[in-house]
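Participant: Following this message is one structure expressed as structure tokens.
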Amino acid sequence: MKRASHKHNGNETPRLVSMVAFNGADILDITGPLDVFTIANALLLESGRETPAYLTEIVAEEKDAVVVTASGVRLLADTSWSSCSETDTLLVAGGPMAEDVSEALVDWIRQIAPHTRRLGSICTGAFVLARAGLLDGRRATTHWRMAEEFRQRFPQIGIDADSIYIKDGSIYTSAGITAGIDLALALVEEDFGRLLALNVARMMVLYFKRPGGQSQFSTSLFAQYCEGGTLAPTVQWIRENYRSDLTNESLAAHAAMSLRNFARVFKRETGIAPARFIEKIRLEAAVKLLEETRHALETIARECGFQSGEHFRLAFVRCFKITPGEYRDRFWTGTD
């Protein structure tokens, strides 16, 4: 593949995206983001661009090396670390073996980092960036299941397990596996605007929802997680009645438990407190209304079960790091 400098010249010079792969990497960490850039290329060429917007490559220890992914699917490396001296965007895949990649790979990433416009990791690829010292003093995220281990190993890094992706300067980290696609869409949006990123998401049949920070778990996933548990009927009842004034007392009564036992079992089965779970459901409903309607914020707050518009605003900012109005400005998909 013909290499391209990370220095661009308007719309004509392709941006090189280099994906670091290794044996045991998750295949979707690699192919998901690369598909985003490939589809962006196709859409831009359809719209009249004469040259590709992106060139993509898989980088491994040796050129033509066979990378055996965690699923067993084999990928062929386009180039070697030693041949990759600069790139526009360097992304590091994650996977079960990410914590154990060689020190040689960590050293190379440390050396090439100053020669990239931006650097990112998918899932547990954040462990590789952390070992290279590139996340020291920064905020970062990784797969939720590995967040506590990451926090213990790298206390100098501010880990946020509740974000899909985080940008800190020119370094990006993303959450578990499919969040690498969200990150790639965000990078396309940075380069060519929201409309192209939105169209790529549509081509991939994905939702285009990327506020500054958002939970990796929807309440639907929580509900699935609780299936078969003691509180499964109550969790479903909450989802159907989130507009009502739900108190811990009413929830405990529905579950036929004492208040103290209900709070303990709910936290054990869902991982969060009942009030936080209810708030998540209400915020999901509010997001949908913000994206699809022009309802007044007070109306949305009332329809979603919040006590007041101010309570809604505070909860929204706490979860998404932007106000409801700012979210609507960025992500409204209506037609009026």
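Please treat every number below as a calculation from the coordinates, not as lab data. Here the structure is a predicted model, which means the values were calculated and not measured. FYI the Cβ positions are ideal-geometry reconstructions off the backbone, even for glycines, and counts take in every protein chain you see.
Participant: Report the residue, chosen from Asn261, Asn199, Asn241, that carries the largest GNM mean-square fluctuation when the chain is represented by alpha-carbon nodes joined by springs under 10 Å.
Facilitator: Result for the chain, Cα springs under 10 Å: Asn261 fluctuates most.
Participant: Right, something else. Springs between alpha-carbon pairs under 10 angstrom, Gaussian network model over the chain: which of Ser170, Ser250, Ser83 fluctuates most?
Facilitator: Comparing Ser170, Ser250, Ser83 in a Gaussian network model of the chain, the most mobile one is Ser250.
Participant: In µm²/s, what is D for the range 15-203 at 4 °C and 1.567 mPa s, where D = kT/(6 pi eta Rh) by Stokes-Einstein and Rh is the Kirkwood radius from Cα pairs?
Facilitator: 79
Participant: What ranking of Asp162, Asp329, Asp182 emerges when the number of other C-beta atoms within 10 Å of each C-beta is taken as an exposure proxy, fewest first?
Facilitator: Asp329, Asp162, Asp182
Participant: Whole-Hz Karplus ³J(HN,Hα) for the range 311-323, in order, using 6.51 cos²θ - 1.76 cosθ + 1.60 and θ = phi - 60°, x for Gly and Pro?
Facilitator: Running phi through 6.51 cos²θ - 1.76 cosθ + 1.60 with θ = phi - 60° gives 4, 4, 4, 5, 5, 5, 5, 4, 7, 9, 6, 9, 7 Hz.
Participant: Among 269-275, 35-41, how do they line up by average Cβ neighbours within 10 Å per residue, starting with the highest?
Facilitator: The densest-packed peptide leads the list: 35-41, 269-275.
Participant: Rounded to the nearest 0.05, what FRET efficiency do Arg151 and Glu50 give with R0 = 45 Å and r taken as the Cβ-Cβ distance? Could you check?
Facilitator: My answer for the efficiency is 0.40.
Participant: Just to confirm my numbers, what's the Cα centroid distance between the range 149-174 and the range 102-118 in Å?
Facilitator: Comparing the Cα centres of the range 149-174 and the range 102-118, I get a distance of 18 Å.
Participant: Which ³J(HN,Hα) values, rounded to whole Hz and listed in residue order, are derived for the range 89-97 from phi using the Karplus coefficients 6.51, -1.76 and 1.60 in 6.51 cos²θ - 1.76 cosθ + 1.60 with θ = phi - 60°, glycine and proline given as x?
Facilitator: With the stated coefficients, the range 89-97 comes to 10, 10, 10, 10, 5, x, x, x, 9 Hz.
Participant: Could I ask something else about it? Along the Cα→Cβ direction, 7 angstrom out, place labels at Val317 and Ser170. What is the inter-label distance in nm?
Facilitator: Rounded to a tenth, the inter-label distance reads 3.3 nm.
Participant: Still on this structure, please answer the following. 5 Å is the cut-off here: which amide hydrogens, built 1.01 Å from N in the peptide plane, fall below it relative to Gly120, excluding neighbours closer than 5 in sequence?
Facilitator: Leu90, Leu91, Val92, Tyr172
Participant: Moving on. For Leu16, list long-range residues whose amide hydrogen, built 1.01 Å from N in the peptide plane, is under 5 Å from its own amide hydrogen.
Facilitator: Correct list: Leu55, Asp88, Thr89.
Participant: Here's something else I'd like to know. Any idea what angle helix 103-112 forms with the longest principal axis of the chain, computed on alpha-carbon atoms, 0 to 90 degrees, nearest 10?
Facilitator: Tilt of helix 103-112: around 80 degrees.
Participant: Test of understanding: extend the Cα→C-beta vector of Ser71 to 7 Å, then name every residue of the range 10-29 with backbone N under 17 Å from that spot.
Facilitator: 21-29, by backbone N distance to the label point.
Participant: While we're here: Using the Karplus curve 6.51 cos²θ - 1.76 cosθ + 1.60 with θ = phi - 60°, work out ³J(HN,Hα) for each residue of the range 136-149 in order, rounded to whole Hz, and write x for Gly and Pro.
Facilitator: Per-residue couplings from phi come out as 4, x, 10, 8, 8, 9, 7, 4, 3, 6, 9, 5, 5, 4 Hz.
Participant: Something else: Asp160 label point, 7 Å along Cα→Cβ, cut-off 18 Å on backbone N: hits in the range 317-331?
Facilitator: Output list for this probe position: 317-328, 330-331.
Participant: Across bins of 5 angstrom width beginning at 0, how are the C-alpha pair distances of the range 218-336 distributed, in whole percent?
Facilitator: It works out to 2, 12, 21, 21, 17, 13, 8, 4, 1, 0, in whole percents.
Participant: Moving to a separate point now. Build a GNM of the chain with springs between Cα atoms under 10 Å: which of Leu135, Leu28, Leu231 gets the top mean-square fluctuation?
Facilitator: Checking each option, the largest mean-square fluctuation is seen for Leu231.
Participant: In the structure displayed, which of Lys288/Lys321; Lys267/Lys288; Lys63/Lys167 lie more than 24 Å apart, Cα to Cα?
Facilitator: Over 24 Å Cα-Cα: Lys267/Lys288; Lys63/Lys167.
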